[in-house]
1. Please work out the FRET efficiency for the pair Glu6 and Lys164, using the Cβ-Cβ distance as r and a Förster radius of 35 Å; give the result to the nearest 0.05.
2. Where in the chain lies the longest segment free of GluC sites (Glu not before Pro) that are both loop residues by DSSP (not H, G, I, E, B) and have at most 15 other Cβ atoms within 10 Å?
3. Give me Rg/Rg_expected for the range 90-141, where Rg uses Cα atoms only and Rg_expected = 2.2 N^0.38 Å with N residues.
4. What list of ³J(HN,Hα) couplings, whole Hz, do you get for the range 96-108 from phi and the Karplus terms 6.51, -1.76, 1.60, once you set θ to phi - 60° and write x for glycine and proline?
5. Taking Cα pairs under 8 Å and at least six residues apart, what relative contact order does the chain come out at, in percent?
6. Roughly speaking, to the nearest percent, how much of the range 1-154's 1.4 Å accessible area is carbon and sulfur?
7. So with the 1.4 Å probe, I'd like the accessible area per residue for the chain, rounded to whole Å².
8. I'd like to know how the chain sits against the 2.2 N^0.38 Å rule of thumb: what's its Cα Rg over that expected value?
Amino acid sequence: MSDELERVIEERVEALGYEFVELERAGSRARPILRVRVDVAGGSSGEPGTGVTVDDCARVSRGLEEYLDASPEVAERYLLEVSSPGVERPLVRPRDFERFAGREIAVRLKQAQADGSKRAEGELLGLAEVDGQEVIRLRRGGDAGVVEIPREGVVRAHLVFRWKDRR
């Protein structure tokens, strides 16, 4: 399945009045699983109960099914799952890293850092361009200060939700 499929799904989700967060592909070629994560237009605050409802997911699912049923790119026996991004919303596009600046995030890395860890956490400061490459800027606790992580070295990034902060 191509990036064209993702582009069309994004256009259709946004035409329905929702924000497209990401498309995750799983399953097999004969029985693909398409996991579409959507948010309310204008985005999630990350607070429970303030985002996408089951009715929203059903509306988006119905809005995508006609296209997917007719698409030669998608096997006839596909499975479509539409959901909210959750409280630990994935950060996928540059706009996500700008919009959620000031929030705590976790980043899973392709390569281990100097301390052997493939995970970094900290306060998101946003994106910057350093030596011609896009980097995620994080303020880490302790003496670590600000770190810059090249986006090309990121497997996945998401908001961090801590229940203790919500009481």
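The values are calculated or read from the model by the stated rules, or taken from the named source; none is laboratory data. Predicted model only: the values in this text are computed from it and were never measured. Cβ coordinates were reconstructed from backbone atoms using ideal geometry, including for glycine residues, and neighbour counts include every protein chain displayed. For the accessible areas, the whole protein counts, side chains as well, though only heavy atoms, and no ligand, DNA or RNA atoms are used. Shrake-Rupley method; radii C 1.70, N 1.55, O 1.52, S 1.80 Å.
1. The calculated FRET efficiency here is 0.45.
2. Values: sites that count: Glu73, Glu76, Glu88.
That would be 89-167.
3. 1.13
4. Couplings: 5, 5, 7, 5, 9, 4, x, 9, 7, 10, 10, 10, 9 Hz.
5. After rounding, I find 18 percent.
6. Here carbon and sulfur together make up 45 percent of the probe-accessible area.
7. 57
8. Values: Rg = 17.6 Å, N = 167, 2.2 N^0.38 = 15.4 Å.
In units of the globular-protein estimate, the chain measures up at 1.15.
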